[in-house]
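First up is the structure itself, then whatever we jot down about it.
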Amino acid sequence: MGTVSVPDQLDPDVCRSLIHSYRIGKRAPIKFTRSQMTSQHHSNRRPHNWLIYDIADTFLQKYAPYYDGVLYDLGCGEAPYRAFFLLYADRYVGVDWAGSYHETKADIAADLNGSLPIESSVADTVVSLSVMEHLREPQIMLNEAYRILKPGRTMILQVPFMWAVHEAPHDYYRYTCYGLQHMFSKAGFVDVKVEATTGFWAMWTLKFNYQSARLIRGPWPIQRLMSALMRVIWAIDQRLARWLDKRWKGEQETAGYFVVAKKP
Ligand SMILES: C[S@@+](CC[C@H](N)C(=O)[O-])C[C@H]1O[C@@H](n2cnc3c(N)ncnc32)[C@H](O)[C@@H]1O
């Protein structure tokens with residue numbers, strides 16, 4: 001297999017043509033440098049939480065063989081992964097709703113708690129990242145994802161588990177790996193694979209970092225000082241957590257899950 005180097009600017013057209021020219025068999029693996037990693041420009045990425053974005057990048061890159069044809073991103077938000085997915089897929093369609101707290105870049109405005117204004121069996125890939133916890137009717141979203149997928153194609157979903165309530169009041173559920181297995185199977189998916197994103201140490205470190213970030217308050221010189229100090233601690237603890245997770249992952253207390261599932 002050949003490899004492809006990606007230019008610094010993730011211009012989808014340039015990157016796609018590069019990949020096509022290097023394709024051996026169906027896909028050529030892409031080597032990403034740090035600045036090209038998929039979440040580098042995510043608007044929520046901060047000094048205290050980059051670890052969870054780096055981990056998600058690793059999963060998203062690992063699942064690259066599944067991105068293909070027309071890719072629907074359910075709950076796309078600001079569509080931070082659009083350019084990345086377009087390295088592999090031909091078309092990207094973002095779906096989000098009018099009630100979003102984000103400046104969404106949706107192509108289709110729709111509430112994922114109900115039926116989608118999308119025809120059946122049109123998607124080659126469906127992705128949904130950090131969305132299912134925000135849905136009152138998550139099973140409906142999975143049923144609809146299944147309906148819009150073409151047979152034999154794949155859905156990739158990421159959802160938090162040990163994670164603080166966010167985007168309140170639209171934060172309704174947390175799921176165990178067994179709950180996810182059950183719900184995907186109920187929707188009709190097969191070959192459902194659930195993977196923990198972190199072990200205990202990264203989960204715990206991220207919780208500590210979020211809490212310490214919340215504690216940076218008071219007059220601005222104090223804030224500046226605390227912030228400088230905490231940045232050093234965050235830089236060390238996230239590296240240490242990654243190292244510890246490699247040695248003892250302890251997946252029962254993961255920060256979240258990725259799910260890969262196929263429509264038969
Ligand atoms: C945490 S953000 C994740 C955004 C994006 N997927 C990402 O990874 O950056 C959750 C997204 O789900 C969307 N969302 C929440 N409830 C929704 C609903 N009922 N229908 C459609 N989108 C919804 C929000 O608007 C928001 O864009």
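Some observations on this one:
- Remark: pairs (first residue in region 196-213, in contact (Cβ under 8 Å) with a residue 24 or more places away in the chain and buried (at least 22 other Cβ atoms within 10 Å of the Cβ); second residue part of a helix (DSSP H, G or I) and polar (S, T, N, Q); Cβ separation under 7 Å; 6+ apart in sequence or on different chains) = THR205/GLN238.
- Lone unmet requirement of (1) near the ligand (Cβ under 9 Å from one of its atoms); (2) in contact with a Phe, Trp or Tyr (Cβ under 8 Å, 6 or more places away or on another chain) for ALA89: (1)
- Residues satisfying the stated conditions in region 145-166, i.e. without any contact (Cβ under 8 Å) to a residue 60 or more places away in the chain and over 16 Å from the mean Cα position of the chain (by Cα): ARG147, ALA164, VAL165
- Filter pass, THR104 being at pLDDT 90 or above, among the polar types (S, T, N, Q) and touching a strand residue (DSSP E or B) at 6+ places or on another chain (Cβ under 7 Å): yes
- So LYS62, is it under 17 Å from the mean Cα position of the chain (by Cα), within 12 Å of the ligand (Cβ to nearest atom) and surrounded by fewer than 17 Cβ atoms within 10 Å (Cβ to Cβ): no
- Within region 177-195, not a single residue is within 16 Å of the ligand (Cβ to nearest atom), under 28 Å from PRO65 (Cα atoms) and in the same structural domain as ASN113 (by TED's automatic domain parsing).
- Once region 101-127 is narrowed to residues that are near the ligand (Cβ under 7 Å from one of its atoms) and closer than 23 Å to ALA255 by Cβ, the residue that is surrounded by the fewest Cβ atoms within 10 Å (Cβ to Cβ) is TYR101.
- Under the condition of being of a type outside the set (A, V, I, L, M) and over 17 Å from GLY199 (Cα atoms), the residues counted in region 225-247 number 3.
- Residues in region 129-154 that are more than 11 Å from the ligand (Cβ to nearest atom) and touching a Phe, Trp or Tyr at 6+ places or on another chain (Cβ under 7 Å): 4 in all.
- Residue, surrounded by the most Cβ atoms within 10 Å (Cβ to Cβ), within region 167-188, restricted to residues that are without any contact (Cβ under 8 Å) to a residue 12 or more places away in the chain and part of a loop (DSSP other than H, G, I, E, B): ALA168
- The residues of region 77-95 that are of a type outside the set (Gly, Ala, Ser) and more than 30 Å from LEU215 (Cα to Cα), listed by number, are TYR81, ARG82, PHE84, PHE85, LEU86, LEU87, TYR88, ASP90, ARG91, TYR92, VAL93, VAL95.
- The residues of region 179-211 that are more than 19 Å from ILE156 (Cβ to Cβ) and either of a type outside the set (S, T, N, Q) or over 24 Å from the mean Cα position of the chain (by Cα) (or both), listed by number, are GLY199, PHE200, TRP201, ALA202, MET203, TRP204, LEU206, LYS207, PHE208, TYR210.
The values are calculated or read from the model by the stated rules, or taken from the named source; none is laboratory data. Quick caveat: nothing in here was measured; it's all calculated off a predicted structure. No Cβ is skipped: glycine too gets one built from the backbone with ideal geometry, and neighbour counts run over all protein chains shown.
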